[in-house]
1. Which value, in Å² and to the nearest 10, is the accessible area of residue 269 when all protein chains are kept and the probe is 1.4 Å?
2. By DSSP, what percent of the beta bridges with both residues in the chain are antiparallel, rounded to the nearest 5?
3. Within a Cβ distance under 15 Å of residue 21, other residues only, what is the Lys/Arg minus Asp/Glu net charge?
4. Pull up all non-local amide H partners of residue 31: gap of 5 or more, or a different chain, and H-to-H distance under 5 Å with H placed in the peptide plane.
5. Can you return the lysines within cross-link range of residue 317? Criterion is Cα-Cα under 16 Å, with same-chain partners fewer than 8 residues away left out.
6. Quick one: how many Å² of residue 114 are accessible to a 1.4 Å probe, rounded to 10?
7. Compare the peptides 272-280, 119-127 by average per-residue count of other Cβ atoms within 10 angstrom and give them in order, highest first.
8. In region 160-221, how does Rg compare with the Kirkwood Rh, expressed as the Rg/Rh ratio over alpha carbon atoms?
Amino acid sequence: MPGPLDGITVVDLTRALAGPHATMMMADLGARVIKVESPDGGDDTRGWGPPFVGGADERQSTYFLSCNRNKQSITVDLKSDDGAETLRRLIRNADVLVENFRPGTLDRLGFSPEAVEELNPRMVILSISGFGHDGPEGGRSGYDQIAQGESGLMSLTGSGPDDPQRVGVPIGDLLAGIYGAYGLLAALFERERTGRGQVVRTSLLASLIGVHAFQGTRWTVAGETGAAQGNHHPSIAPYGLFRCADGAVQIAVGSEGLWSRFAAFAGLDPEDQAFASNAARVENHARLVAEIEGHFAAHKAEDLLTAMKAAGIPAGKVRTIDEVYAWDQTRSQGLVVGVEHPTLGPIELPGPPLRFFDHGGIETTNRDHEAPPLLGQHRASVMHWLDQTVTV
């Protein structure tokens, strides 16, 4: 089945993760994504590792493989006359241009938004930066961990206020890519009405502040500064990770009805005024955790999970990554896809997180995926397409 973006062509000038994640999302939805890479090694992530896989002369970075499925690759030296002309031809015949250079870099190469508009007034541009394209620190280079710290996210993550921790994946890059793809879709939709493209901008900083959620309003409205407090929720209790006889389980008691069931399950007194409301349970959190873990100490995790499932109490385990990809639920949702790589052969990749169905419940999701490309793998076919295409 063709994806919903079938017929849309994306010129992908990005590297590392934020931009490539955005363009991979577009590719997953059926867009043709032409990844324009430097002849000198290509996307930075081709060299990020270990781990690498494949033979010594054909080694592939698993980092690169994570964010470039369903794309075509060509090599272009944008500083050369021939390279600049190739990019101009691509812009004239595409719908979307995505870049994550430092602010001003593409302008200096002769491809400012005004120059792109002259080449193709319908072009939608996505530009991703580290800290924004303007403002007093708009020119700063963007790296995920720095942005996690500057955005306040690390102050909310860790075992306590004195233990700031980064999230275990480059969450700022990933969120910037997700927000960027979201903005592109909105701009493409608006283009159907206006006939003209526009520039969409986001940044690692914006994307991370954009997901502060209740921690943001906790400060802006209530004047409270949130801080890391480990694996427990600051505003809901009990909600978090609790130790048991052979490890730990996670529970989420998000309503008073659930609390009544859980209190009976855990042998707690539902009439105890220290636990009579969610606010009281948050205030008396240390005592609550101690009493729950005292009850759980005599039970194994699997037994607790089975019993809580029967009682209708939301609970779960903490899986390792290998367990997640072996889990039948993961695979049932299309979250693992098989592709044929040009040098590695058959490999599995994490799959797209969206599925599509018609109103009758028949799945229409595109299940055909292409492996991340070798450097310059599609140059001949893309140049042939440009030679055969009537410029808009």
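The values are calculated or read from the model by the stated rules, or taken from the named source; none is laboratory data. This structure is a prediction, so every number in the text was calculated from the model and none was measured. Using ideal geometry, Cβ is built from the backbone for each residue, glycine included, and neighbour counts are taken over all protein chains shown. Heads up: the accessible areas ignore ligands, DNA and RNA and are worked out on the full protein's heavy atoms, side chains in. Shrake-Rupley method; radii C 1.70, N 1.55, O 1.52, S 1.80 Å.
1. That residue has around 80 Å² of solvent-accessible surface.
2. Details: 18 of 39 bridges.
Of all bridge pairs located within the chain, approximately 45 percent are antiparallel.
3. Values: positive: 15, 35, 69, 71; negative: 12, 28, 43, 44, 99, 144, 173.
Every neighbour counted, the sum reads -3.
4. Sorted by chain and number, the residues that satisfy this are 5.
5. 300, 309
6. The value for residue 114 is about 120 Å².
7. Working: 272-280: 14.2, 119-127: 21.1.
Ranking the peptides 272-280, 119-127 by packing returns 119-127, 272-280.
8. Working: Rg = 15.8 Å, Rh = 13.8 Å.
Rounded to two decimals, Rg over Rh is 1.14.
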